[in-house]
Amino acid sequence: MVVRNELSDEEIDRIFQALATATRRDILRRTIEDELSVSSLARDYDMSFAAVQKHVAVLEAAGLVIKRAEGRERLVRADPTMIARARALLARYEELWRSRIARLDALLAEQAGTEPPHDDARDPRTREGE
């Protein structure tokens, strides 16, 4: 099976829109840990069942969760593949901005006649877990 790494502009827009709301981020977090029914998700929010269904639909349209039917229930679980693709996108953005900051540091140091600072926190090669 071939997995696409690049996200289209439309996919990126849907992901960021889906993650722009605290309730949807919480639903995603909860469904990463366990597959849950929409009913059980709805019990923990101060909103209608229909509103929770709409939040789940936005996450589903973004590809961040997968919903399946089991009898009368609709079960929701996070899609680790799409989450990994979104994380890779954010990592690319982070790397882009870190390199821009490093170039700015070097330019400022050059103008001041000093050595540019070497900040391990800015160097993506020295971050923990990678």
Problem - Number of the condition not met by Arg43 [criteria: (1) more than 14 Å from Asp79 (Cα to Cα); (2) open to solvent by less than 50 Å² (accessible area, probe 1.4 Å); (3) among the basic types (Lys, Arg)] - result: (2)
Practice task
Return a yes/no flag: does the range 77-84 have any residue that is in contact with an Asp or Glu (Cβ under 7 Å, 6 or more places away or on another chain) and either at pLDDT below 95 or surrounded by 15 or more Cβ atoms within 10 Å (Cβ to Cβ) (or both).
Solution key: yes
Exercise for the section: Find all pairs meeting these conditions: Cβ atoms under 9 angstrom apart; at least six residues apart or on different chains; first residue within the range 42-56 and closer than 17 Å to Ala18 by Cα; second residue part of a loop (DSSP other than H, G, I, E, B) and open to solvent by less than 50 Å² (accessible area, probe 1.4 Å). Expected result: Ala51/Tyr45; Val52/Tyr45; His55/Thr21; His55/Tyr45
Problem - Any hit, the range 78-85, residues being in contact with a strand residue (DSSP E or B) (Cβ under 6 Å, 6 or more places away or on another chain) and either within 27 Å of Glu6 (Cβ to Cβ) or of a type outside the set (Val, Ile, Thr) (or both) - result: yes
Exercise for the section: Could you please let me know if Asp13 is among the charged types (D, E, K, R), modelled with pLDDT under 95, open to solvent by 50 Å² or more (accessible area, probe 1.4 Å) and under 20 Å from the mean Cα position of the chain (by Cα)? Expected result: yes
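The values are calculated or read from the model by the stated rules, or taken from the named source; none is laboratory data. Fair warning: this is a prediction, and the values are worked out from it, not measured in the lab. Quick reminder, even Gly has a Cβ in these numbers, built from the backbone with ideal geometry, and neighbours come from all protein chains shown. Quick note on the areas: whole protein, heavy atoms, side chains included, nothing else; ligands and nucleic acids left out. Shrake-Rupley method; radii C 1.70, N 1.55, O 1.52, S 1.80 Å.
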